[in-house]
Amino acid sequence: MKILVLGSGGREHALVWKLSHSPEVDKIFCIPGNAGISSLAHCVEIKDTERILNFVKENKIDITLVGPEAPLVNGIVDKFEKENLKIFGPNKEAAMIEGSKVFAKLFMEKHGIPTANFRVFESPNAAEKYFLSTDFPIVIKADGLAAGKGAFVVKNRDEAFEVIDKVMRQKLFGDSGDRIIVERFLKGREVSALAFCDGKSIVPMVSSMDYKKAYDSDLGPNTGGMGAIAPAPHYTKDIASITIRNIFLNVIEGLQREGISYKGVLYAGLMITENGPKVLEFNCRFGDPETQVILPLLKTDLSHVVQAVIEGELAHCPVEWFDSVSLCVVAVSQGYPLKYRKGFKILGLNEIDDDVMIFHAGTKRTDQGIVTNGGRVLSVCATDSHFSKARARVYRSLKKIRFEGMRYRKDIGANLSDSSSEFHRSVEVTP
Ligand SMILES: Nc1ncnc2c1ncn2[C@@H]1O[C@H](COP(=O)(O)OP(=O)(O)O)[C@@H](O)[C@H]1O
Ligand SMILES: [Mg+2]
């Protein structure tokens, strides 16, 4: 079988790595990929969807897997399906669950899915008027895609006015800020709960948690993710079963009722509050860096799961997980998430032990060797029976890797308990 993966991050490297273990996968392509991916897959630089379609036909690629959200929200799946080409991911309508936070919130309200109370505003004046009478803190979110930068926790009225100015007047995120959500601030601990969906059934993945803040002790600005662990110890069996029933099954059923079939990965960003799990947002794809900790725990051949999702056969595809824990730390360029420079040579990659995985993100192969090519450069990951052991191996390996301005958080997975009592099973939804 020939598989194409779209994307260039650590998530895509982890996907390609996992697929490369499948006896049924003969060849992997990646568009555009990165230096790490290029040692496992044939990487090609193609931007335009029509040309990607032609590439798939010319190379007789059996299945295409989409990593990032933007192509899904822009309808790449619909274009492939129109040409009878197999692709893993939700179609344009279904991807709205991530593409529009207004759609997602109204959908949750309509189908009784637990989430923070909210208001939608289409004009900056109306939002500002609302801030005169509301309590703080609140969370303001741009409606459309904003590369993970469109949500603001604001502590007072002045901050709220500033955000409205940036998002709705100066259009920091373009059209994505035409409408905004203002929602109640929820207290609790976050979990990333992902599931495979084939339109009828869901199979929960092992839970995970990412570390969003740039600096240790969760200080500094938000980033794309500085590290992750799986499973999340605070995602207990009870919380997992509430999440599956009240969130995942409700979403799939609700979408079915609206005539939308959801296929691919559904990612629920959750806040575990004292009143149970509540949805912060949905993503319509694998998370990054969550995928780098989830896939090493997947025992089953990923190509089997991917095919089962596409064929609508997930209920008949046993999905098994290793009973271990997994941890990953992201090394970033100096200055990230703000301004940073690229092109620094990465040293020490050959000195890493075999029981540690390096998933590349912003890296590029040049005549001088592998150089940095982004803010998040690479992630170092390990699985073990205990977080403390995985953590020790990851941090030992990080000491061997060097590039100018390299920085990483020192507290990923610190002080975690090793309980992992959750369960994973296929759940059928009767239409
Ligand atoms: N209602 C909320 N209460 C508390 N924190 C929130 C709330 N909504 C979002 N956040 C915080 O902001 C982060 C980003 O919000 P999210 O809805 O996931 O948007 P995005 O990932 O698109 O930026 C969350 O991971 C969480 O830390
Ligand atoms: Mg998020």
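General observations
- Percent accessible area from carbon and sulfur atoms, the chain, protein chains only, probe 1.4 Å: 47 percent
- Extension reserve of the ASN59-GLU128 stretch, reckoned as 0.36 nm per residue once the Cα distance is removed: 19.4 nm
- For LYS110, the solvent-accessible surface with a 1.4 Å probe is about 140 Å², rounded to the nearest 10.
- Separation of alpha-carbon centers, the stretch 232-246 and the stretch 284-304, rounded to whole Å: 19 Å
- Residue-normalised accessible area of the chain, given per residue in Å² at a 1.4 Å probe: 43 Å²
- The chain - percent relative contact order, Cα under 8 Å, separation 6 or more: 18 percent
- Ranked by how many other beta carbons lie within 10 Å on average, peptides 11-18, 256-263, 101-108, 201-208 from highest: 11-18, 201-208, 101-108, 256-263
- Extended-chain gain in nm, criterion 0.36 nm per residue less alpha-carbon gap, LYS27 and LEU40: 3.8 nm
- Counting only residues at least eight positions apart within a chain, or on another chain, the aspartates and glutamates with an alpha carbon under 18 Å from that of LYS57 are ASP26, GLU45, ASP48, ASP78, GLU81, GLU83.
- With Rh defined as the Kirkwood radius, the inverse of the mean 1/r over Cα pairs, the Rg/Rh of the stretch 269-421 is 1.01.
- Comparing Cα centroids, the stretch 353-375 and the stretch 96-173 end up 37 angstrom apart.
- Restricting the stretch 281-359 to GluC sites (Glu not before Pro) in coil, as DSSP defines it, with at most 11 other Cβ within 10 Å: GLU320
- Kirkwood Rh, angstrom, the stretch 203-322 [1 / mean 1/r, Cα pairs]: 15.8 Å
- Rough spin-label spacing in nm, given labels placed 7 Å along Cα→Cβ, for ASN117 and GLU253: 2.6 nm
- In plain terms, the chain from ALA70 to PHE103 could stretch by 10.3 nm, reckoned as 0.36 nm per residue minus the Cα-Cα distance.
- Per-selection Kirkwood Rh - the stretch 2-92 (Cα, Å, 1 d.p.): 12.9 Å
- The figure for LEU219 is an accessible area of roughly 100 square angstrom, using a 1.4 Å probe on the protein chains alone.
- For the stretch 123-178, taking Cα atoms only, Rg and Dmax work out to 10.6, 31 Å respectively.
- Working from label points 7 Å from Cα in the Cα-to-Cβ sense, the LYS345 to GLU311 distance is 5.0 nm.
- Among beta bridges that DSSP assigns inside the chain, antiparallel share in %, nearest 5: 80 percent
- Computed from the C-beta positions of ASP411 and ASP323, the FRET efficiency with R₀ = 35 Å rounds to 0.85.
- Looking at the stretch 1-151 alone, DSSP beta bridges between its own residues are antiparallel in about 5 percent of cases.
- FRET efficiency, 1/(1 + (r/R0)^6) with R0 30 Å, evaluated for ARG184 and SER241 via beta carbons: 0.75
- Selected from LYS364, LYS342, LYS60 as most flexible by GNM, with the chain as the system and alpha-carbon contacts under 10 Å: LYS60
- Divide the volume of the convex hull around the Cα atoms of the chain by the residue count and you get 140 Å³ per residue.
- Förster radius 41 Å - calculated FRET efficiency between LEU172 and THR300, Cβ distance, rounded to 0.05: 0.45
The values are calculated or read from the model by the stated rules, or taken from the named source; none is laboratory data. Computed from a predicted model, the values in this text were never measured in an experiment. A quick note on method: Cβ atoms are made from the backbone with ideal geometry, for glycine too, and the neighbour counts reach across all protein chains shown. Note: accessible area is taken over every heavy atom of the protein model, side chains too, but ligands, DNA and RNA are not part of it. Shrake-Rupley method; radii C 1.70, N 1.55, O 1.52, S 1.80 Å.
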